[in-house]
Amino acid sequence: FRLALFILVSVSLGILFSYFLMLGKTIIAIALASVFLLTNCLFVLVFALNNRGRIKNLIFSLIFILSFLVGGAGFNTSINSYNKADISYHHYTIIGKVVETAQTESGQRLVLDRAIFTGVTSGNLEYKIKVYIVGDTSFDLGDIVKFSGYLKNLNAINNNKLSQYNLDNRIKYTTTIDASEVELLGNEKTIFESINVKIRDTLIVGLDFDEYSVGYALLTGNSDYMDGEIITSYRQTGVAHIFAVSGLHIGFLATALSLIFKKIRINKIVKIVIIATVLLLYAGVCAFSASSLRAVIMTVVLLSTSINGERYDPLSSVSIAGIILLIINPINLFCVGFQLSFAVVIGMILLSKPIAKLLRFLPNKLANSLGVVLSAQISSIPILLTAFGEFSLISVMANLIFIPFVSVIFIGLLVATIIGCVFSIPVITLFIPNYVLQFINFLITSIDYDVFMIGGFTMGAFIIVYYLVLLFSSGIINLSKIKRLIAVVSLSVVCIGGTIAVNVIDQNMPHVYVTGSYNVCASLIKEKDENLLVISYVNEDSKLNKLKSLLIDAQINKIDRLLLLNATEVDL
């Protein structure tokens, strides 16, 4: 019995309950709440051998119900606060701090925080502004900028879907302005931003551009500077997770720090505090992403258990991390990064040993490695299908070969960057890493991995059944082999049959996809027998990345008809 795990599940169900209510799916919300309450009743009345156990279970049940309410209330509060932050559509003068930058086809994209607005009304903005600048600019993290323009409110719900990216990043407003209208007033970097910029500038000097973008993404998790085709190749290979700062990176760093402290006689508590501080600092440099914070919390829990010689339970550890992150920000539950991070870790905890046991005819190290990689792949498939529409068949082999070298590359690149920055010699220290990254980029991008991609279908609500299959297969539920086999086979049949039914129905229904930017505005109408692409505007200098994303979202690779409106020429 893991209290933290059940609290995490309760908080998550409470968030989902509020989410379905917000979408107007009252029946689903009531059904979810009813199943939750019924399970709690069974827990108290059935799964207790005596009155003493019943009282104990009742206390636990009350904790679960309270956790459910906390999750639901937290989600409600987040959405209501976001919706109440609307401002009237007027011309304002804005002063704000740049906390995120990225390049687009038309110019620079900035995210501003701590903004002050003056106009018909005045005040401080609680949420961030996404600013698209048309023209050449070079604003950086920490810059204080001023401009005048109209702010558009962003909605919490778009097309009956949660705007999870904007909600998670607290982006409420957007505007597009000309570069000539933006004025630089100064710069105020935090310690995290200063370190991030130092890392970026050091890599720019010491590496070629493609290698810099990959190195920067590897160290900080920011892949905005990577070429679209390069990041696509990494995703199709199945190794793009190295750009999401997580247990892979935090684990390498914590291990390196532990080895250093092994040589130094130091109090265990002091050691843990120092390592935790360094890891939190690194997570801050990576913008406190959900995956990095999850890894930091799990590492601190692991180190803390070693003080008293207690047994480390990874499932409880990841559950504690999930509870903390969801209470801080309930929107995390709907973010792909959060979902992948926790699904993969929990999948590895539950499935890696059973899979390795099935592969015991192989050498022990190979069987264990395959167990870890296969469990990660299997547990991430439904989320990859939902978020990206496809997953890679060769990711298991690619990770098996690639991941052992990542630790060396990551630590080597980090050390070379630090030394290069401190002594202002990045050209020397990053000379070898540049060629290593160049070789990796060549291996990843030289082959068309599209043939290894599986997609074009959805699982719908049967994702739940899929994970139930994995849960029963893991052996964590105490059943006899026959009962477990019956449960796994039955659930598998339901999952496969349900997925087929969902896709047959989906294929017979028309779908409309819309995309728009400064460079291109288009609509895709996907029907059973024909795919129609309507382009209402396209900039002749556009690279058409938006159109590529549109086709990927729609999971199609062929256009039957093309209709151009106000766009006389387009290179497809």
Label-zone membership for segment 380-407, site Lys263, 7 angstrom Cα→C-beta point, backbone N under 16 Å: none
Working note, segment 12-110: Cα radius of gyration (Å, one decimal) and Dmax (Å, whole number) are 22.2, 70
Given a 1.4 Å probe and every protein chain left where it sits, what share in percent of the accessible area of the chain is carbon and sulfur? 64
Relative contact order (percent, whole number), the chain, Cα cutoff 8 Å, 6+ residue spacing: 11
Return the Rg/Rh value of segment 183-305, two decimal places, where both radii are evaluated on C-alpha atoms and Rh is the Kirkwood radius. 1.03
Compute the signed sum of charges (Lys and Arg +1, Asp and Glu -1) over the other residues within less than 11 Å, Cβ to Cβ, of Asn155. +2
Over all directions, segment 427-516 yields a Cα convex hull whose mean projected area in nm² is 12.4
Only Lys, Arg, Asp and Glu count, each charged at its Cβ (+1, +1, -1, -1), so figure out the dipole size of the chain about its Cα centre, rounded to 20 debye. 3280
Of the candidates Leu45, Leu125, Ile65, the farthest towards the positive dipole end of segment 1-131 (Lys/Arg Cβ +1, Asp/Glu Cβ -1, centred on the Cα centre) is Leu45
List the lysines whose Cα sits under 30 Å from the Cα of Lys84, skipping any in the same chain fewer than 8 residues away. Lys25, Lys97, Lys128, Lys130, Lys146, Lys152, Lys161, Lys172, Lys189
Normalise the Cα radius of gyration of segment 463-512 by 2.2 N^0.38 Å (N = residues in it) and let me know the number. 1.48
Let me know the Rg and Dmax you get for the chain when you use only its Cα atoms, in Å. 25.3, 79
Can you give the Rg and Dmax of segment 305-424 based on its C-alpha atoms, in angstrom? 17.7, 52
Round to the nearest 10 and report in Å² the accessible area of Asp450, as given by a 1.4 Å probe over the protein chains' heavy atoms. 80
For every helix of n ≥ 4 consecutive DSSP H residues, a contribution of -39,500 (n - 2.57) applies; sum these over the chain, divide by its total residues, and give [θ] at 222 nm rounded to the nearest 500 deg cm²/dmol. -19000 deg cm²/dmol
Specify the inter-centroid distance of segment 290-342 and segment 477-526, based on alpha-carbon positions, in whole Å. 29
If you stretched the chain out fully between Ser490 and His511, how much longer would it get, using 0.36 nm times the residue separation minus the C-alpha to C-alpha distance? 4.3 nm
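The values are calculated or read from the model by the stated rules, or taken from the named source; none is laboratory data. All figures in this text were calculated on a predicted structure; none of them were measured in a lab. No Cβ is skipped: glycine too gets one built from the backbone with ideal geometry, and neighbour counts run over all protein chains shown. When the accessible area is computed, the model is the full protein with side chains, heavy atoms only, and any ligands, DNA or RNA have been set aside. Shrake-Rupley method; radii C 1.70, N 1.55, O 1.52, S 1.80 Å.
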